[in-house]
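Each value in this text was obtained by applying a stated rule to the coordinates, not by laboratory testing. Keep in mind it's a predicted model, so treat the numbers as computed, not measured. Don't worry about glycine lacking a Cβ; one is built from the backbone with ideal geometry, like all the others, and counts go over all protein chains shown.
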Amino acid sequence: MTGLLTGKVALVTGAGRGIGRACALALASEGAAVAVNYSRSEEAAQQVVAAIEAAGGQAVALKADVADPKQVERLFADLLAKYYGRLDALVNNAGITRDGLILRMSLEDWNQVVALNLTGTFLCLKAASRIMLKQRCGRVVNISSTSGVAGNAGQANYSAAKAGVLGLTRSAARELGSRGITVNAVAPGFIATDMTSALELEPILAQVPLRRVGQPEEVAGLVRFLCADPAAAYITGQVITIDGGMVMA
Ligand code: NAD
């Protein structure tokens, strides 16, 4: 398989389903060897690996809870051992929600959401930057959310964590840019995945100029552009919203 990422290595966190799965498939379709990180369902991750291999690509499933520093350390050690010490693209995708109004939000729900969405992104970015700084190249995409850009009632923990990801993205872009590493954030609106499957659609669609939810493959197309396309080489520190026009600057 030849493509823009042939001979390169990508890691997608939380890639067993949803947006992460679509990103793993999209990067593999450009020829990258893809590490498909998962925390619980090995079966789902192995299905992603099988789909990539069936299309002629290379992939491996790597288990790690990316909110746990020790497991992140092992994840990167496993990745380097498997793929010749390289990492060209990191997609920090793993995320959870624990929604509730502030008055009723437990500290545990706050901490869990911040630990994965923000601290997990930091831990993986830190480990990846060590490799990318040596290579003097690399691309990082952090998956944020329109909730992090505009806020959302009932999602104070998630919005704060996803807004934190934007600050992390901009700081990292400033720190790493001189070594040829780009760091950008993608902020999806409502995308049809398990995360949003229980939401009532009508009030959501009323806020979306394009009057539909997005598909994981649409987010993955943007991630593929940022990670693989030569035209994205001069884009860094940016937040790119993909939400059918719901949030406009
Ligand atoms: P999803 O729930 O289908 O996928 C989340 C993935 O993260 C799952 O594969 C899950 O197993 C994995 N994960 C959970 N905890 C983990 C951990 N501790 N370590 C490693 N992996 C873990 O949801 P999705 O919609 O595909 O979400 C993907 C990303 O996109 C998330 O960061 C989410 O916040 C963000 N996002 C989603 C939407 C949407 O509308 N679906 C909108 C904005 C942002």
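Amide H contacts under 5 Å for Thr193: none, restricted to partners 5 or more places along the chain or on a different chain, H placed in the peptide plane at 1.01 Å from N.
Note on the chain: with a GNM built from Cα contacts shorter than 10 Å, the maximum mean-square fluctuation among Ala220, Ala232, Ala32 falls on Ala232. Rounded to the nearest 20, the size of the Cβ-charge dipole of the chain about its Cα centre is 820 debye, with Lys and Arg at +1 and Asp and Glu at -1.
Looking at region 50-143, which GluC sites (Glu not before Pro) are in a loop (DSSP not H, G, I, E or B) and have at most 16 other Cβ atoms within 10 Å?
On the way: sites: Glu53, Glu73, Glu108; in loops: none.
Of the GluC sites (Glu not before Pro), not one in the loops of region 50-143 has a Cβ with at most 16 other Cβ atoms within 10 Å.
Taking amide H as placed 1.01 Å from N in the peptide plane, Leu62 has its amide H under 5 Å from the amide H of Val36, Asn37, Tyr38, each at least 5 places away in sequence or on another chain. In this structure, the amide hydrogen of Thr241, modeled 1.01 Å from its nitrogen in the peptide plane, lies closer than 5 angstrom to those of Ala187, counting only residues at least 5 positions away or on a different chain.
If you wrap a convex hull around the alpha carbons of region 1-84, what volume per residue comes out, as a whole number of Å³?
Measuring per residue, one finds 74 Å³ for the Cα hull of region 1-84.
Using the Cβ-Cβ distance between Lys126 and Asp78 with R0 set to 22 Å, the FRET efficiency works out to roughly 0.85.
The lysines within cross-link reach of Lys162, meaning a Cα-to-Cα straight distance under 22 Å and a gap of 8 or more places when in the same chain, are Lys126. Residue-normalised convex hull volume from the C-alpha trace of the chain: 120 Å³ per residue.
Kindly point out which whole DSSP H helices in the chain project their C-alpha atoms 24 angstrom or further along the helix axis while averaging a Kyte-Doolittle hydropathy of 0.0 or above.
In the chain, the long hydrophobic H runs are 156-176.
Exposed loop sites were defined as chymotrypsin sites (Phe, Trp or Tyr not before Pro) in DSSP loop states (anything but H, G, I, E or B) carrying at most 14 other C-beta atoms within 10 Å; in the chain the longest segment without such a site runs 85-233. I want to verify a result. In a Gaussian network model of the chain, Cα cutoff 10 Å, which of these has the top mean-square fluctuation: Asn142, Asn152, Asn92? Top of the fluctuation ranking is Asn152.
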